[in-house]
Amino acid sequence: LMMSGDYATAMDIAKKQVEDGAHVLDINVDDGMLDGLAAMQKFVKIAITEPEVSKVPFMLDASKFEIVMAGLKWCQGKPIINSISLKVGEELFKEQATLLKKHGAAVVVMAFDEEGQAATEEEKVRICKRSYDILVNEVKFPPEDIVFDPNVLTIGTGMEEHANYGVDFIKATKRIKEICPYVKISGGI
């Protein structure tokens, strides 16, 4: 729809999702054939004028931070940004978090760092705790606006190396909630 410029139909879908009980509207414009920057900005600009759509928070979801920022500057209320992580390095992570804090956004923080994606319970806990300490102690990001995604990863494949992914996620979630007060946890299955 976005590639064909049919924002009206996209907005109808967004309205239907809210009518059907969506608590958050996930706006994702990641597609190699789409000008994500322009699409995000245009969709959000339209969405904020629709009372039935703008009554729920927007989750701005993109793999490129500049696309998220294009939508964020038009948002009302408290949007949720999906996502940032330490894979970009500590300095850029802090810069991104500072910008998001300035705009009053909540943030999903993926369990990635400079070494890659967390797969084990210990890696998930280590990366989330490190992210938390940087966000809360250095950036002064409100901990209640942090949503960690410790990466469930692929489960049910039958491969031995994937056998503990679900259990590691559950155990890591418990530990993260204990050592990172006020955060939320999200996980995509």
message: Can you tell me which residue is surrounded by the most Cβ atoms within 10 Å (Cβ to Cβ) among those in the stretch 30-51 that are in contact with a strand residue (DSSP E or B) (Cβ under 8 Å, 6 or more places away or on another chain) and not small (Gly, Ala, Ser)?
response: MET40
task: Being of a type in the set (Asp, Glu), touching a Gly at 6+ places or on another chain (Cβ under 9 Å) and surrounded by fewer than 16 Cβ atoms within 10 Å (Cβ to Cβ) is the filter here, so list the residues in the stretch 121-155 that pass it.
output: none
message: One residue is enough: does the stretch 163-172 have a residue meeting the conditions part of a helix (DSSP H, G or I) and in contact with a strand residue (DSSP E or B) (Cβ under 8 Å, 6 or more places away or on another chain)?
response: no
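To keep it simple, each residue is scored yes or no on (1) farther than 21 Å from GLY77 by Cα; (2) among the aliphatic types (A, V, I, L, M); (3) in contact with a Pro (Cβ under 6 Å, 6 or more places away or on another chain).
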| site | (1), (2), (3) |
| --- | --- |
| MET3 | yes, yes, no |
| THR9 | yes, no, no |
| HIS23 | no, no, no |
| ASP31 | yes, no, no |
| LEU34 | yes, yes, no |
| ILE48 | no, yes, no |
| SER54 | no, no, no |
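Confirm whether SER54 is hydroxyl-bearing (Ser, Thr, Tyr) and in contact with a strand residue (DSSP E or B) (Cβ under 6 Å, 6 or more places away or on another chain).
no
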task: Could you please find all residues in the stretch 66-120 being open to solvent by 40 Å² or more (accessible area, probe 1.4 Å), in contact with a strand residue (DSSP E or B) (Cβ under 8 Å, 6 or more places away or on another chain) and in a helix (DSSP H, G or I)?
output: LYS87
message: Looking at the stretch 29-64 only, could you name the residues that are farther than 11 Å from MET11 by Cα and of a type in the set (A, V, I, L, M, F, W, C)?
response: VAL29, MET33, LEU34, LEU37, ALA38, ALA39, MET40, VAL56, PHE58, MET59, LEU60, ALA62
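The values are calculated or read from the model by the stated rules, or taken from the named source; none is laboratory data. What you see is a predicted model; the values in this text were computed from it and never measured. Please note: Cβ atoms are built from the backbone with ideal geometry, for glycine as well, and neighbour counts cover all protein chains shown. Just so you know, the surface numbers come from the protein's heavy atoms only, side chains and all, with ligands and any DNA or RNA stripped out. Shrake-Rupley method; radii C 1.70, N 1.55, O 1.52, S 1.80 Å.
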